[in-house]
Structures are given as C-alpha cells and as structure tokens.
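One structure below.
Every number here is computed from the coordinates shown, using simple stated rules; none is lab data. Bear in mind that the values here come from a model prediction, so they are computed numbers and not experimental data. All Cβ positions, glycine included, derive from the backbone under ideal geometry; neighbour counts span all protein chains shown.
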Amino acid sequence: MTKGKTKVAIVGLGYVGFPLACAIAKSPLYEVVGFDLSEEKINSIRDRKSPVEDEFAEEAIKTVDIKVSTKDDILEGCSIYIVAVPTPVDENFNPNIGIVRAATKTICKYIKKGAGQSLIVESTINPGVCEEEVLPVMEQETGMKGGVDFELAHCPERINPGDPVWNVTNISRNIGALTMEGAEKLADFYRSFLDAEVNVMDTIKEAEATKIIENTFRDINIAYVNELAKSFDAMGINLPNVIKGASNKPFAFMAHYPGCGVGGHCIPVDPYYLIERAKKSGFDHKFLKMARETNNSMPLYTIDKLLRGLNKLEKSIKGSKIGIMGLSFKADIGDMRESPSLKMIKVLEKEYEADLRVYDPFLPGMSTHKDLESFMDDCDAVILATNHSEFVNASIDTWKKIELVVDGRNCLDKESLKSQNILYYGIGQK
Ligand code: SAJ
C-alpha cells in the first residue's frame, strides 16, 4: 500500500474495467491494481497499450501506473473492489451471472473483519442480483455481515464503445448500496475522480433497475421503428423520411432507426435480465418480449429483401456471388457480439448454401477480401449490415459490379446507386 493512498482494485479489465482503472489511477488519491484472467490483456497493459478500443484509456495508459496481474494475490489489502466482468446471456437468453459470482468469491479471500472494505458491481445485472446472489456469496465466504462488516454497492456502467464525446470520466452515474451511509461514501469516491454527476439511489435495486430500463427503453424504441419498417414497406411509405419529418418536433419525440437487427452486448441482452427477474416475481413482460422478437426478426427480414431483389433480377441465391458488408454490430468499431451479420451469414450459408463473401475494415481477420474494392468486384449482390464510414463514403465506382444492394442501415445514397441501374432495397424504404 502506497502511504496515504487508498488502494482500489478493478476485477475485469475489459471495455468497462480498464478505462475505469485509468480514470481512478489518474487521481493522486488512489493506488490502483487490476486483476484479469487474460494473459493477453495483462501483457498489453504492462506494455502500456490499452487492451480495448477506447480513446481515453489508450491515452491514459501511457502515463498512469496500474499494477496488473492474472494472479489474484494482487487484490490483497484494497479498500474498494470494483467488479467489471461480462454478464452474458446463454443461447436461451437466460442471464448468466456466473462470472460475477466467481469474481466476488475471489475478492472475498481479501475481505478482512474491521477493514471497512467495499465491493462495487459495475457489470450490468438485473434488479435483485446484488442482494439475492452477490450478498449471500460474500456473507458465506467471509462469515461476515453485509452493510456492517463490508459494504456492497451497484454503480451500473455506462461505457459507450467508440463514443468520441462520452467516456468514463464525464458520463453521469447512479449508485445504490446496502446502506445509505455506504452509498454516500462510495458516491464521494466516484466524485473524487469523475467530472460528472453521481446520483445516490435509495436502494441497490433502484441502481440495478436504472441501467436495465435505459437499455430496454432503447430496445423497445428500435423495435417500434422496425415494426413500422415492415408496415411502411407494405404501404409503400418511406419510413426514413417520415422519421426525419417527425424529428423536427421540438419535444416529446426521440428518433430511432430501423435496420437489419440489434447487436451488441447491451441492448439485445439487457431486456432478458428484466424479463427473467420479473417472471420470478410473477410478472410477464409481454411488451419487452415482443420487442425482442421484432428486433430478432430483422436479419431474416433483410434476407427476404435479398431474395426479392434476386428474384426481380431473375436470379437465385445459388449461383450468385453474395456479399455481406460489415460484421461489427455498430459502425466504425470491430465488435461482433450479437451482430445481426452473424445471424444473416448463418442462415444464408445453412439454408440457402449461399456463396458468401464478407468484408469488414475493422475485422480484417474475419474478412474474405483485403479491401472494399476487391470485395465489391467479387460480388453480384450485397447486404450492407454495418454503416461503417468506409461504406457510406465509398465512391460510386466501387459499386460498378453490383446489381443489387440491400441497405440494412439505410445509410447509402439511394438515388446515386439507382442512377447506376443498381436495384436498391432499404429497411422501410425502396
Ligand atoms: N440500432 C438500431 N437502431 C437505432 C439504434 C441502434 O438498429 O436507432 C442498433 C445498432 O445498429 C446496434 C444495436 O442497435 O446493432 C445497438 O446499438 P447502440 O447504439 O445502442 O450501441 P451499444 O450497444 O454500444 O449501446 C450503448 C449503450 N450504452 C451503455 O449500455 C452504457 C446504450 O445505452 C447507448 O444508448 C448506446 O450505446 C448509444 O447511445 O450509443
């Protein structure tokens, strides 16, 4: 322990934990240690290279000191432990907090009677997990009492991968703990290194619920416009234009956009946390489940557009060179988690035996071609799945070999493509 400094440990050094560790380490008040099971991450950090794509962290790691290890003895003697590990769902969309539980058990080896230590969970979890899953593990492992011998809190992460404006230092936070005194003390901890509001919630469940509703709000609104896309396609109304029109209402309208699907580690996953936990309390979230079904239907809806387009050209999928533009779930980053592209590739290969090419500038190792030009020259028809800037800004000449495009993100210049006799389909527009 460095004299006078409070020792803080981050468990999980991914896109949430590592920027957080950097932000805390920039403060002279703290000595920061990091624990992660990934040798690759640990070695990268020791080489002063961020293990994640994050502008703030990539810069901070050049100067901050963070001792990191794959061995948990580095966690000895900390006052605050922050858990920032993945909380995935399984193939049946059941939430899996096994990694959170394992991280908690590891930390408990270092919780000492009378040390007044705190454990803060930042990973996204459903309401109740802290008190119903994490707390029992801590009390069992330590033989101590939560809220008395140690504090347990939840401060949901809000990292937005690839966001050039909002990063770990300036995004406002919410925190709830077993005791109000604990919540206030830990809120002051966050305030000491953040340049953002830190709001104390009355209970730990309220803190868990805020993150879940933030992302569920997004999922249902995306489902709303995806359903509109299907309806407006049937009615021949251009939905992107209608959304643009509705967006000039100065209040009470928040635009969302239809597309080939909803990917990422947050939006398509978090609603299942709430659905499953509410079920245990006897409530069935029909609306949330319908929204998930709508969003999960968009990859197939996009493939249907490809089939219609090929049919119009009197071609079939078999015998056509089909390209998938973009593997990442989001523009201008290389992250394939829950990506709609993967769902479309699986169906096109398995059910249609499609002769596929894929290209993503942020995932060269997963691409069949080394650049956009050679990829496009080798395709007859393409589905644009990710609105990467390279695709949006590609010159019209890049498209010279293409006969059909399904614009899964409504991001292309439709009129310019049509002027080249390319058959164009969007999502919610023709
Ligand atoms: N998407 C649509 N239509 C939309 C918005 C998104 O189809 O109108 C799709 C995207 O293409 C993507 C998926 O949904 O496949 C998720 O997109 P996202 O922009 O929500 O990206 P994420 O997963 O990085 O979401 C994060 C979340 N941040 C945190 O959980 C801390 C989310 O709460 C943010 O609202 C979101 O970033 C953001 O605003 O960028």
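Round to the nearest 0.05 the FRET efficiency obtained for Lys244 and Val165 when R0 = 22 Å and r is the Cβ-Cβ distance. Intermediate values should be presented prior to the final figure.
On the way: r = 23 Å, r/R0 = 1.03.
Result of the calculation: an efficiency of 0.45.
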* To do: Neighbouring Cβ atoms within 10 Å as the yardstick, rank Asp407, Asp72 fewest first.
  => Asp72, Asp407
* To do: Would you mind telling me which residue in Tyr301, Tyr352, Tyr224 has the biggest mean-square fluctuation in a Gaussian network model of the chain, where springs connect alpha carbons within a distance under 10 angstrom?
  => Tyr352
* To do: Please quote Rg/Rh for the stretch 38-102 to two decimal places, taking the Kirkwood radius as Rh and restricting both calculations to Cα atoms.
  => 1.04
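Do you know the relative contact order of the chain, to the nearest whole percent, from alpha carbon pairs under 8 angstrom that are 6+ apart? The partial results should precede the final answer.
Details: 863 pairs, mean separation 47.7, N = 430.
Reported relative contact order: 11 percent.
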* Structure fact -> Only helices counted: for the chain, with every DSSP H run of 4 or more residues adding -39500 (n - 2.57) and the sum spread over all residues, [θ] at 222 nm is -11000 deg cm²/dmol
* Reachable aspartates and glutamates from Lys26, criterion Cα separation under 12 angstrom, eight or more residues apart if same chain -> Glu59, Asp65
* Asked: From Cα coordinates alone, what are the radius of gyration and Dmax values for the chain in angstrom?
  -> 24.0, 77
* Those residues of the stretch 370-389 whose amide nitrogen sits under 13 Å from the label point placed on Asp332, 7 Å along Cα→Cβ -> 387-389
* To do: Using only Cα atoms, figure out Rg for the stretch 45-203 and give it as a multiple of 2.2 N^0.38 Å.
  => 1.07
* Apply 1/(1 + (r/R0)^6) to the Cβ-Cβ distance of Ala278 and Ser419, taking R0 = 56 Å, and write down the FRET efficiency to the nearest 0.05. => 0.65
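Taking a 18 Å limit on the Cα-Cα distance, which of the listed pairs Lys3/Lys71; Lys109/Lys145; Lys205/Lys280 fall beyond it? Could the numbers behind the result be given before it?
Values: Lys3/Lys71 23 Å; Lys109/Lys145 15 Å; Lys205/Lys280 15 Å.
In this structure, Lys3/Lys71 lie more than 18 Å apart at Cα.
FRET efficiency for Lys400 and Lys3, Cβ-Cβ distance as r, R0 = 56 Å, nearest 0.05? Show your work: numbers first, answer last.
Details: r = 68 Å, r/R0 = 1.21.
About 0.25, to the nearest 0.05.
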* To do: Mind checking which of Gly98, Ile24, Ala234 is farthest towards the positive end of the chain's charge dipole, using Cβ charges of +1 (Lys, Arg) and -1 (Asp, Glu) about the Cα centre?
  => Ala234
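Under a Cβ-Cβ cut-off of 14 Å, what is the net charge of the residues other than Glu157 that fall near it, where Lys and Arg count +1 and Asp and Glu count -1? Write down the numbers at each step before the final one.
Working: positive: Arg158, Arg173, Lys211; negative: Asp54, Glu122, Asp163, Glu208, Glu214, Asp270.
It works out to a net charge of -3.
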* Asked: In terms of Cα to Cα distance under 12 Å, which aspartates and glutamates are near enough to Lys330, apart from those fewer than 8 places away along the same chain?
  -> Asp163, Glu338, Asp360
* Average silhouette area of the stretch 315-430, convex hull of alpha-carbon atoms, in square nanometres -> 6.6
